[in-house]
1. Here are Glu181, Glu123: which of them is outside the structural domain of Arg274 (by TED's automatic domain parsing), in contact (Cβ under 8 Å) with a residue 24 or more places away in the chain, touching a Lys or Arg at 6+ places or on another chain (Cβ under 6 Å) and not in a strand (DSSP E or B)?
2. For Glu242, indicate whether it is under 18 Å from Arg2 (Cα atoms), part of a helix (DSSP H, G or I), out of contact with any Pro (no Cβ under 9 Å at 6 or more places or on another chain) and touching a residue at least 60 places away in the same chain (Cβ under 8 Å).
3. Got a sec? Which of Arg81, Arg4, Arg27 is among the basic types (Lys, Arg) and modelled with pLDDT under 95?
4. Step by step: first the residues of the stretch 160-187, then only those that are over 15 Å from the mean Cα position of the chain (by Cα) and not hydrophobic (A, V, I, L, M, F, W, C), then the one that is farthest from Leu136 (Cα to Cα). Which residue is that?
5. Let me confirm something: among Tyr157, Tyr140, Tyr116, Tyr99, which residue is more than 27 Å from Asp51 (Cβ to Cβ), at pLDDT 95 or above and under 19 Å from the mean Cα position of the chain (by Cα)?
6. Could you please find all residues in the stretch 133-169 being charged (D, E, K, R) and either buried (at least 20 other Cβ atoms within 10 Å of the Cβ) or in contact with a Gly (Cβ under 9 Å, 6 or more places away or on another chain) (or both)?
7. Note down all Cβ pairs under 8 Å where the first residue falls in the stretch 141-152 and is assigned by TED's automatic domain parsing to the domain that holds Ile13, the second is surrounded by fewer than 16 Cβ atoms within 10 Å (Cβ to Cβ) and assigned to a helix (DSSP H, G or I), and they're at least six residues apart or on different chains.
Amino acid sequence: MRYRELGKTGLKISELGFGTIPILSGRVPVLPEYFSPDTQTAVAIMKQAFDHGCNFFDTAILEEYGDAEIKLGEFIKTVDRGRLVISDKARFYDGAQIYREVLRSAEHLGTAPDIYFVHQVDESNVDEVFAKGGALDALYDLKREGKIGFTGIASHYYNVLYRAALDERVDVLQGSGNILERGMLDRIRAEEAFRGKGFILNKVYAAGLLIGPFSPAELIGGVLEYPFSSALLGIGTFEQEEEAFGREYPVLHFSFEEVLDRLRGDFEPIGCDRCERCACPYGHEIHTTLRQFNYFCLGKEYWAINKLKMDLENTYEHCCACTDRVCMKDCTRHLYIPEEIARVQRLLNSFGK
């Protein structure tokens, strides 16, 4: 296992980290049916990862990751705490609420988290998070009180992460990306403001959807060129742990066209890399809509269709009426976006029939 610097925290963490979603138990939408290990098994899987050199473990509060936080706490008891880096997170944006959740997480873990993230920060809540008395202020206070090691902001949105990169209260960022959805990673690599922050990368496997067209080794090797601190991999079985942490991976490079060509074996993908430059005057998340098309075709039909039903009709109507086409101005992939939105609309219509 190789190790990387976690920004300016002074910590070194394993290049590959353990994401705990798959070790939770219960009826949770994100949980694959064949997981749900009991506590003893989950602890043993984490211990095997630790023995392979993984020292970074990421979780979230019970309402988000079920009992994974509890199971992680049981694992922590079995090893030298000083050799671990633990991150936790909660989806609360008010300062008082996040303060309460940090204390509750510490009870479940049996230790102070090394990093605590405000989770799922987006345009609807970012001002509250960064405001005086908001969640970031609370985390900064908790850090000074010694109740957490470092502060974090987790988001799927470049603009949010860029704002966090400029804020001195933030130590660590967490964002998503993979060899298909690489646009945000390319922007982060090019932007100097991110250099002083630790960066945790998630969705390396695109929620498992890219496994099949690509092997885990290709998906991991393909992101190693980017300047993250640790890439989180969701692990739910001993076999997955062995595949992820039982070897070192060479750095690979796939051009974007090579990735699309591999996917074309099963469907014609929309060539969006989610750089998030496609600003829409009506406020629609075009990159998210295009992503759901690819996710549907990669096997996540029910989840993708439900997401599309939330806004696609309005997106399609506004896209047809729009003459400015500002969304295409900075598109790095030179997509004709109205045509792509029409493809997604046809998919939704055919599914409804």
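The values are calculated or read from the model by the stated rules, or taken from the named source; none is laboratory data. Please read all numbers here as calculations on a predicted model, not as lab measurements. Note that we place each Cβ from the backbone using ideal geometry, even for glycine, and neighbour counts take in every protein chain shown.
1. Answer to the check: Glu181.
2. Spelling it out, Glu242 is indeed under 18 Å from Arg2 (Cα atoms), part of a helix (DSSP H, G or I), out of contact with any Pro (no Cβ under 9 Å at 6 or more places or on another chain) and touching a residue at least 60 places away in the same chain (Cβ under 8 Å).
3. Exactly one of Arg81, Arg4, Arg27 is among the basic types (Lys, Arg) and modelled with pLDDT under 95, namely Arg27.
4. Out of the qualifying residues, it is Asp186.
5. Tyr157
6. Listed by number, the residues that qualify are Asp137, Asp141, Lys143.
7. Sorted first by the residue in the stretch 141-152, then by its partner, the pairs are Lys147/Leu103.
Rundown of residues vs (1) at pLDDT 95 or above; (2) assigned to a loop (DSSP other than H, G, I, E, B); (3) in the same structural domain as Ile200 (by TED's automatic domain parsing), yes/no style:
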| residue | (1), (2), (3) |
| --- | --- |
| Glu225 | yes, yes, yes |
| Leu232 | yes, no, yes |
| Gly236 | no, yes, yes |
| Phe254 | yes, yes, no |
| Glu258 | yes, no, no |
| Ala279 | no, yes, no |
| His284 | no, yes, no |
| Tyr295 | no, no, no |
